[in-house]
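K.L.:
Below are the structure tokens for one structure; questions will follow.
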Amino acid sequence: MQKLAIQGGTTLHGEVRISGAKNAALPIMCAGLLTADELHLDNMPDLHDVATMRKLLVQMGVTAAVEPGAVTLCGAQVDKLEAPYDMVKTMRAAILVLGPLVARFGEARVSLPGGCAIGSRPVDLHIKGLQAMGAEIHIEHGYIHAQVPHGKGAKRLKGARIFFDLVSVTGTENLMMAAALADGVTVLENAAREPEVVDLAHCLIAMGAKIEGAGSDTIVITGVEKLHGARHRIMPDRIESGTFLVAAAAAGGDITLTDARADILENVLEKLQEAGATIHTAGNTINLKMNKRPQAVNVRTSPYPAFPTDMQAQFMALNCIAAGSAMVVETIFENRFMHVQELRRLGAQIDVEGNTAVIKGILQLEGATIMATDLRASACLVIAGLVAQGETVIDRIYHLDRGYEHIEAKLSALGANIRRIT
Ligand code: UD1
């Protein structure tokens, strides 16, 4: 199993290019199921989750022509309407094939994702939404079996008004894709406003979909009979951007992100300024300078545009060595503090009560062997390793490879002393 070894204590300097967003690439690849034409995607990140999604689509009969940083998908020959358990269990986002399959073929069998490290994460909202659009859904042998009953005409979903009890990112994306080919108008209320939802909407619109309101909490989709091929460039990854910025704020230094977007990172940038960093944005670059010990900053996660849960763990690492005490409240996932145990092994002083962690900043963490438990927790441990005294070895970094493109190469280029051990 691969590990990362980090010699802490170096500051970070230089430029780093931000990759395409994992959480935009995954749903947009699934949009390839909605048409028999070619969907060409640029700025594709080279990630394990992207490879897993490609494998799943290929199993279904999609062709995928891969070039560096791009892929062309073609769904003309889709003949297997199923996402098996071994795929869904490694990548929950595989649930995103459900909406497109039911919308275009009138049927799908998708494994239930089951529990995952950061909580139970059910998919009831995806299912309820499709039922409201006329799909008959049975849960059998751990699979969601969805079918559109035979009517007089083609097996098409019907437009519906759907209210989300909870804001769900992939739930909104699944139903938006399903509605794009449904018969009639669908209104999604209390929809997710995440920029990745907007990126998917842009791609669907380029494919001929009629969508209004993406980026607000009400999305109106007027179904069309057919979608066509398109070209789309995946948006920059705001979580990768935020992770590098927090790393530099914690370790100190002067870094510039290129191919990034500041307008979708406002909350994170404000928190970094509160921690004492100086930030300048221009065009698609974000520069951060930090030449002192960070100040502790409180964070409370909430759906976009509030502070993202996917940045919670990284700010926890920063707070471990900050001046003062901070409170971190996680309101989205019930079990997203697994990094706390590992940070304590480095000497961090953290108390957890329910969904609240109180971190008392100390001057110095000490390197140790620690274990990555999920994707963003891994990023937090890398940041902790960068600021700890001596060597930190992070085990189980396959979590990191799911969502961060070439992270050790990018950090090395910024001056970090980090290497992969196999
Ligand atoms: C997406 C992101 C993930 C991010 C999360 C929250 C992708 C591929 N993943 O995950 O990185 O951390 O948004 O910003 O985009 N819920 C239900 N029933 C449902 C669906 C969700 O109860 O049917 C609950 C979840 O358990 C969770 C909350 O709603 O407590 C939000 O989850 P959701 O937005 O759906 O997360 P994902 O889309 O899985």
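The values are calculated or read from the model by the stated rules, or taken from the named source; none is laboratory data. No experiment lies behind these values; they were computed from the predicted model shown. Every residue, glycine among them, receives a Cβ derived from its backbone with ideal geometry; neighbour counts consider all protein chains shown.
K.L.:
Exactly one condition in (1) hydrophobic (A, V, I, L, M, F, W, C); (2) away from the ligand (no atom under 16 Å from the Cβ); (3) in contact with a Leu (Cβ under 8 Å, 6 or more places away or on another chain) is false for Ile205; which is it?
P.N.:
The single condition Ile205 does not satisfy is (3).
K.L.:
Would you pick out the residues in region 37-57 that are out of contact with any Leu (no Cβ under 9 Å at 6 or more places or on another chain), more than 23 Å from Glu408 (Cβ to Cβ) and either away from the ligand (no atom under 16 Å from the Cβ) or of a type in the set (D, E, K, R) (or both)?
P.N.:
Residues satisfying the conditions are Asp42, Lys55.
K.L.:
Can you tell which of Ala94, Ala146 is part of a strand (DSSP E or B) and within 15 Å of the ligand (Cβ to nearest atom)?
P.N.:
Values: Ala94 fails: part of a strand (DSSP E or B).
Result of the check over Ala94, Ala146: Ala146.
K.L.:
For region 248-319, which fully contained strands (runs of 3 or more DSSP E) count at least 2 residues that are free of Cβ contacts under 8 Å to residues at least 12 places away in the same chain?
P.N.:
Numbers: elements: 253-258, 278-282, 285-290.
The strands (runs of 3 or more DSSP E) meeting that bar are 278-282.
K.L.:
Scan Ile205, Ile211 and give me the residue that is surrounded by 16 or more Cβ atoms within 10 Å (Cβ to Cβ) and in a strand (DSSP E or B).
P.N.:
Details: Ile205 fails: in a strand (DSSP E or B).
Only one candidate passes the filter, namely Ile211.
K.L.:
Hey, could you check region 153-175 for residues that are among the hydrophobic types (A, V, I, L, M, F, W, C) and near the ligand (Cβ under 8 Å from one of its atoms) and say which is farthest from Pro195 (Cα to Cα)?
P.N.:
Going through region 153-175, the residues among the hydrophobic types (A, V, I, L, M, F, W, C) turn out to be 154, 157, 160, 162-164, 166-167, 169, 175.
Now drop any that are not near the ligand (Cβ under 8 Å from one of its atoms), which leaves 166-167, 169.
Numbers: Leu166: 18, Val167: 14, Val169: 10 Å.
Restricting to residues being among the hydrophobic types (A, V, I, L, M, F, W, C) and near the ligand (Cβ under 8 Å from one of its atoms), the top hit is Leu166.
K.L.:
When you look at Ala65, is it surrounded by fewer than 18 Cβ atoms within 10 Å (Cβ to Cβ) and within 16 Å of the ligand (Cβ to nearest atom), yes or no? Please lay out each step first, then the result.
P.N.:
Working: surrounded by fewer than 18 Cβ atoms within 10 Å (Cβ to Cβ): yes; within 16 Å of the ligand (Cβ to nearest atom): no.
No, not satisfied.
K.L.:
Across region 336-353, what is the number of residues that are β-branched (Val, Ile, Thr) and part of a helix (DSSP H, G or I)? It would help to see each step written out before you state the result.
P.N.:
Restricting attention to region 336-353, the residues satisfying the condition of being β-branched (Val, Ile, Thr) are 340, 350, 352.
Filter once more, keeping what is part of a helix (DSSP H, G or I): 340.
Qualifying residue count, region 336-353: 1.
K.L.:
For region 390-407, what are the residues that are surrounded by fewer than 19 Cβ atoms within 10 Å (Cβ to Cβ) and either at pLDDT 95 or above or part of a strand (DSSP E or B) (or both)? First the steps, then the outcome.
P.N.:
Initial filter on region 390-407 (surrounded by fewer than 19 Cβ atoms within 10 Å (Cβ to Cβ)): 390-391, 393, 395-396, 398, 406.
Within region 390-407, Gly390, Glu391, Val393, Asp395 qualify.
K.L.:
Considering only region 370-389, how many residues are more than 16 Å from the ligand (Cβ to nearest atom), touching a helix residue (DSSP H, G or I) at 6+ places or on another chain (Cβ under 8 Å) and modelled with pLDDT of 95 or more?
P.N.:
Residues meeting the conditions: 7.
K.L.:
Among the residues in region 382-392, are any in contact (Cβ under 8 Å) with a residue 40 or more places away in the chain and acidic (Asp, Glu)? Walk me through how you get there before you give the answer.
P.N.:
So in region 382-392, the residues in contact (Cβ under 8 Å) with a residue 40 or more places away in the chain come out as 382-392.
From what's left, acidic (Asp, Glu): 391.
Yes, region 382-392 contains a residue that is in contact (Cβ under 8 Å) with a residue 40 or more places away in the chain and acidic (Asp, Glu).
K.L.:
It is to be established whether one or more residues within region 109-131 are part of a loop (DSSP other than H, G, I, E, B), on the phi > 0 side of the Ramachandran plot and away from the ligand (no atom under 13 Å from the Cβ).
P.N.:
To start, the set of residues in region 109-131 that are part of a loop (DSSP other than H, G, I, E, B) comprises 112-115, 117-118, 120-123.
Of the ones still in play, those that are also on the phi > 0 side of the Ramachandran plot are 114, 121.
Restricting the remaining residues to those that are away from the ligand (no atom under 13 Å from the Cβ) gives none.
Within region 109-131, none of the residues are part of a loop (DSSP other than H, G, I, E, B), on the phi > 0 side of the Ramachandran plot and away from the ligand (no atom under 13 Å from the Cβ).
K.L.:
While we're looking at this one, here's another question. Can you tell me which residue among Asp37, Asp46 is under 18 Å from the mean Cα position of the chain (by Cα), surrounded by fewer than 19 Cβ atoms within 10 Å (Cβ to Cβ) and either under 30 Å from Lys292 (Cβ atoms) or modelled with pLDDT of 95 or more (or both)?
P.N.:
Numbers: Asp37 fails: under 18 Å from the mean Cα position of the chain (by Cα).
Among Asp37, Asp46, only Asp46 is under 18 Å from the mean Cα position of the chain (by Cα), surrounded by fewer than 19 Cβ atoms within 10 Å (Cβ to Cβ) and either under 30 Å from Lys292 (Cβ atoms) or modelled with pLDDT of 95 or more (or both).
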